[in-house]
């Protein structure tokens, strides 16, 4: 019997455009497809609670897709290095294939695994599947990694991208007996209470769901994406980020779909250019994490090590629960809790408030997002929080402090976003929905709003908080 090839699926939960799967199929070996729930190797960055919900449903969908093509998906739980080595021995595997991950713990683990397996006579092949370009493929003229996004993206546009591969028609499944865990036994779904009850109405995890989301975005929102993406009260974004994180669709597939759409409709150029640059930011974030692996836990700019962060448990709790008294911030945090997602503009506003109005360490916010976002991605999460904090690469200057009121008035002009997620303010007119404390007593009474009772007073005064934040920044050592 020909020894099987193991295909270790990780953040690539798809069949189409799966380079590791395609490479394994090309060997003509029977395949053993596995997924390992490794909660040991990542340590503190084990998959968050909202992402566990997504993973459960994504694995369900992937199992169905694999079975439809004649294969099986084996599930195992434990430290991936030991589990994979045990599986390779148990099956007598002659080759192992995987698509590369770029988190520091994954890089170290994969290097060790490749060394051990190779020494045991097992062929190991790793492939590129998660990015448009590998972190070592796009560098400055001096050979260094880019630290600024714009020249990085310019270089990406001049670098050839691999072509997507079609889904195989059949999977040559290995006939040997290998035990698999029961997905239900992993207890990935919340039960008491089921705080993810609204997720089902919002998301369809899996490769087919990703394809439908992409098709809907191209058909309905790509035309106006460049302008609509910042408007919080409309459906203007792609909502592809969780599908991308779990690898249910690849950025290469998305880019090819956009290029095809553009051929048929040249008026899409603005939307295509803007959305591709957002995919580029995702690549850029991964590049930063790969070259600076301490990014999720340490200030990229060392001068911020001296920043006087405050310990404010009450402030953090109010922020996390959407009870800050600033409607747009509260709407953002409540959207996150209800759907596992937050609008991209709202993420910047909410992060700025935590960091600059409350002077709470960006790492606290990063950890909260890691646990509550279905699209929690270590590179994007860390890079984006540090961007807002001013401590990261190509970051927003620290002195750029979002005013929650003016941000709400600009990007939620009709109050639709606030009224959806902060319904206790739904009766206020547009002139007061972003600053209820400024409304006359009669307007508050007519809307059924009682500040401090039905809706909180602001927990920070914007002008005073801004002055305090700027004072703290001025006191930092120069970089």
**Message:** If I take every Cα pair under 8 Å that is 6 or more residues apart in region 1-120, average their sequence separation and divide by the length, what percent do I get for the relative contact order?
**Reply:** 39
**Asked** Across 5 Å bins from 0, what is the distribution of all Cα-Cα pair distances for region 88-239, in whole percents?
**Response** 1, 6, 8, 10, 14, 17, 16, 12, 9, 5, 2, 0
**Asked** What's the angle, to the nearest 10 degrees (0 to 90), between helix 362-372's Cα axis and the longest principal axis of the chain?
**Response** 60
**Label zone at residue 431 (point 7 Å along Cα-to-Cβ), backbone N below 20 Å, region 438-479** = 438-451
**Request:** Could you let me know the centre-to-centre spacing of region 414-440 and region 184-236, using Cα atoms, in angstrom?
**Result:** 26
**Request:** With only alpha-carbon atoms counted, please give the Rg and Dmax of the chain, in Å.
**Result:** 23.7, 83
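So, R0 is 35 Å and r is the distance between the beta-carbons of residue 44 and residue 413; what FRET efficiency does that work out to, to 0.05?
On the way: r = 40 Å, r/R0 = 1.15.
Calculated value: 0.30.
Using only the Cα atoms of region 5-130, what semi-axes does the equivalent ellipsoid have when each is the square root of 5 times a gyration tensor eigenvalue? Give whole Å, largest first. Intermediate results must be reported in sequence, preceding the final value.
Working: eigenvalues 84, 73, 34 Å².
Working through the eigenvalues yields semi-axes of 21, 19, 13 Å.
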**Message:** Taking the 0 to 90 degree range and rounding to the nearest ten, how far is the long axis of helix 104-119 tilted relative to the main principal axis of the chain, both from C-alpha atoms?
**Reply:** 0
**Fill in**
Sorted largest first, the Cα spans of region 404-479 on the principal axes come out in Å as 51, 25, 18
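Order of 362-368, 118-124, 79-85, 302-308 by packing, highest average Cβ count within 10 Å first?
Working: 362-368: 20.4, 118-124: 12.9, 79-85: 18.7, 302-308: 14.6.
The packing order, highest mean first, is 362-368, 79-85, 302-308, 118-124.
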**Prompt:** Dividing the Cα radius of gyration by the Kirkwood radius, what Rg/Rh value follows for region 26-95?
**Reply:** 1.01
**Asked** What angle do you read, to the nearest 10 degrees and between 0 and 90, between the alpha-carbon axis of helix 378-389 and the longest principal axis of the chain?
**Response** 20
**Item:** Fraction of beta bridges assigned by DSSP in the chain that are antiparallel (%, nearest 5)
**Value:** 5
**Request:** Take the alpha carbon atoms of region 241-255, find their center, do the same for region 334-400, and report the distance between the two centers in whole angstrom.
**Result:** 21
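Looking only at Cα atoms, what is the convex hull volume of region 302-474 per residue, in Å³?
Numbers: hull volume 18.1 nm³, N = 173.
In region 302-474, the Cα hull volume divided by residue count equals 105 Å³.
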**Message:** From zero outward in steps of 5 Å, how is the percent of C-alpha pairs of region 112-152 spread across the bins?
**Reply:** 5, 18, 18, 13, 13, 13, 11, 7, 2
**Message:** Highest mean first, how do 439-449, 33-43 rank when packing is the count of other Cβ atoms within 10 Å averaged over residues?
**Reply:** 33-43, 439-449
**Fill in**
Whole-number value, in Å³ per residue, for the convex hull of the alpha carbons of region 304-381 is 87
**Asked** Where in region 329-357 is the amide nitrogen less than 18 Å from a point lying 7 Å along the Cα-to-Cβ axis of residue 438?
**Response** 329-331
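Past the 18 angstrom mark, what percentage of all C-alpha to C-alpha distances in region 182-296 do you count? Working shown, then result.
Details: 3971 of 6555 pairs.
Counting pairs separated by more than 18 Å, the tail of P(r) holds 61 percent.
Bear in mind that the values in this text are calculations on the coordinates, not laboratory data. These numbers come from a predicted model, not from an experiment. Glycine gets a Cβ as well: all are built from the backbone with ideal geometry, and neighbour counts include every protein chain shown.
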